[in-house]
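*Asks:* Structure in structure tokens, see below.
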């Protein structure tokens with residue numbers, strides 16, 4: 001992690017821009033849904049969300065989205081195509097641990113930029129939070145589980161680069177699924193059927209929507225406990241998928257690029 | 001049991017191929033052709049602890065592929081290998097801690113950080129005792145003369161400095177087996193000599209087994225008593241360098257500087273004329289004839305200077321490749 005932080009310190013401008021990028025989607029979503037409510041039939045809410053509820057929800061997705069950020073699906077293809085993966089494979093440590101270090105370092109480092117942005121957004125949008133102590137006690141672990149799930153599932157998809165090598169299209173598809181079914185554009189509950197059914201069958205809602213809903217105080221204790229159960233289920237699936245995919249991928253590796 | 005044992009090791013790649021041009025590119029969207037490339041074909045090798053073995057072959061011969069299988073980077077298609085009692089491609093941490101691979105074109109150093117940060121990270125990854133690690137690091141810094149580059153970002157280092165850094169990071173955990181894939185590639189003559197000297201010293205001090213691939217014959221002649229020649233995936237020769245010369249090029253090169261021109265003298269009666277210029281003739285003579293021919297030259301000709309050498313190693317190796325392509329070894 002120290003090394004990951006040191007690398008990021010070298011590229012301050014890039015880190016700032018990436019951090020700000022993570023705020024843009026929720027900011028656009030707040031503006032979009034506020035406008036949609038104004039045009040709705042009663043002009044006060046859509047699917048049980050008022051303008052201030054949406055503000056709270058998307059403000060929370062800024063935080064949760066940041067905690068759940070993972071980009072290995074974009075980079076793995078490059079490492080394998082260029083042969084740079086070989087240096088990582090020669091170490092007596094799974095390469096994934098370096099990615100874990102990079103991931104955590106980025107999130108810690110960018111807090112200094114993001115916290116002021118979040119506070120400013122909160123001041124401007126007047127969000128309505130209904131958070132209690134129980135919501136915090138269950139919501140924070142849910143957010144951390146979401147981060148682990150987002151990272152690991154993203155890494156499993158990234159391992160596809162051992163077979164496909166050029167992962168750009170798959171990376172974008174993965175990001176689109178996150179955006180659409182994860183709750184970054186809209187809470188899954190406002191999606192029309194059958195999209196809402198599809199969203200409930202996929203793991204994405206447990207990465208951003210679920211912790212955000214929990215931390216804004218919109219879920220009951222039973223719903224939060226059930227949600228954490230689903231997160232753990234998907235985490236086990238991700239761990240098993242990782243072990244199988246990694247073993248198969250390393251066997252397939254052709255160490256191109258000399 | 002040898003430290004490295006390889007039995008009928010084979011690696012076949014399935015690679016896509018197509019003609020050039022847009023039409024062929026469009027066709028390949030639907031109809032994709034593949035070709036089987038046999039990079040390594042049933043290689044058998046035994047290497048003992050402490051040996052320095054040169055792996056020679058033309059480009060695409062299978063040298064690097066073999067090294068990658070032995071270092072665990074690649075799974076073979078068939079065959080077996082054990083290195084230090086481990087199956088390399090199982091990639092057990094206990095195995096990876098005892099080997100190292102330096103790839104001339106690939107960097108293990110962090111591009112954006114000072115070299116020292118990469119060294120310290122390496123010590124942490126390999127779980128090396130702090131004090132021991134520092135002693136080893138300081139020793140390597142001194143041997144490789146790295147003191148002046150420790151604080152510089154790796155991407156700002158010259159090729160020679162970076163190569164020294166790569167060697168340093170590869171040896172911090174004192175590996176028992178070292179795979180060096182073209183370690184002097186692109187370096188100037190002085191730096192090549194230093195790297196060779198360092199590798200020789202490291203081998204002597206630590207009895208590390210070194211497998212080295214190189215296109216520079218000076219690397220091979222300076223370091224390797226034993227060489228393995230491979231071409232098109234097949235092993236053509238495995239033995240001492242002197243034995244290879246004896247087998248493939250059993251002759252000597254005699255270079256004669258004359259005091260005056262000898263127009264009309266038939267030098268072909270002495271041996272095969274390699275070159276004939278004004279007052280300088282180079283002959284190729286069978287080894288068992290060298291003494292007789294030399295005596296005759298000194299007796300009959302106005303010799304200013306005379307040297308007797310083995311044929312250039314590059315020519316020897318080229319002959320090996322040529323013979324290998326004509327028929328099986």
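*Asks:* Is it the case that some residue within region B:207-217 is touching a helix residue (DSSP H, G or I) at 6+ places or on another chain (Cβ under 9 Å), buried (at least 20 other Cβ atoms within 10 Å of the Cβ) and at pLDDT below 90?
*Replies:* yes
*Asks:* I need the strands (runs of 3 or more DSSP E) fully contained in region B:190-267, keeping only those with at least 1 residues that are within 28 Å of residue B:60 (Cα to Cα).
*Replies:* B:209-213, B:226-231, B:234-240
*Asks:* Further question on the same structure: Taking region A:40-80 only, how many residues are touching a helix residue (DSSP H, G or I) at 6+ places or on another chain (Cβ under 9 Å) and farther than 23 Å from residue A:94 by Cβ?
*Replies:* Selection size over region A:40-80: 23.
*Asks:* Right, here's the next one. If you scan region B:258-277, which residues turn out to be closer than 16 Å to residue B:293 by Cβ and in contact with a strand residue (DSSP E or B) (Cβ under 8 Å, 6 or more places away or on another chain)?
*Replies:* Selection gives B:258, B:267, B:270, B:271, B:272, B:273, B:274, B:276.
*Asks:* Among the residues of region B:108-134, which ones are without any contact (Cβ under 8 Å) to a residue 24 or more places away in the chain and in a helix (DSSP H, G or I)?
*Replies:* B:117, B:120, B:121, B:124, B:125, B:130, B:131, B:132, B:134
*Asks:* When residue B:272 is evaluated against the numbered criteria (1) under 28 Å from residue B:57 (Cα atoms); (2) surrounded by 14 or more Cβ atoms within 10 Å (Cβ to Cβ), which criterion, by number, is the only one it fails?
*Replies:* The one condition residue B:272 does not meet is (2).
*Asks:* Do we have residue A:61 as in contact (Cβ under 8 Å) with a residue 12 or more places away in the chain, crowded, with 19+ Cβ neighbours inside 10 Å and farther than 30 Å from residue B:175 by Cβ here?
*Replies:* Spelling it out, residue A:61 is indeed in contact (Cβ under 8 Å) with a residue 12 or more places away in the chain, crowded, with 19+ Cβ neighbours inside 10 Å and farther than 30 Å from residue B:175 by Cβ.
*Asks:* Anything in region A:91-106 that is more than 14 Å from chain B (Cβ to nearest Cβ) and surrounded by fewer than 18 Cβ atoms within 10 Å (Cβ to Cβ)? List them, or say none.
*Replies:* Of everything in region A:91-106, just one residue is more than 14 Å from chain B (Cβ to nearest Cβ) and surrounded by fewer than 18 Cβ atoms within 10 Å (Cβ to Cβ), namely A:104.
*Asks:* One residue is enough: does region A:123-138 have a residue meeting the conditions under 19 Å from the mean Cα position of the chain (by Cα), within 13 Å of another protein chain (Cβ to nearest Cβ) and part of a helix (DSSP H, G or I)?
*Replies:* no
*Asks:* In region A:63-90, which residue that is assigned to a loop (DSSP other than H, G, I, E, B) and within 16 Å of the chain's Cα centre (by Cα) is nearest to the other protein chains (Cβ to nearest Cβ)?
*Replies:* The extreme case among them is A:71.
*Asks:* Out of the residues in region A:207-249 meeting the condition of being within 14 Å of chain B (Cβ to nearest Cβ) and in contact with a helix residue (DSSP H, G or I) (Cβ under 7 Å, 6 or more places away or on another chain), tell me which one is farthest from residue A:163 (Cα to Cα).
*Replies:* Here the answer is A:246.
The values are calculated or read from the model by the stated rules, or taken from the named source; none is laboratory data. Given the structure is predicted, the values throughout are model-derived calculations rather than measurements. Counting neighbours? That spans all protein chains shown, and the Cβs are built from the backbone with ideal geometry, glycine included.
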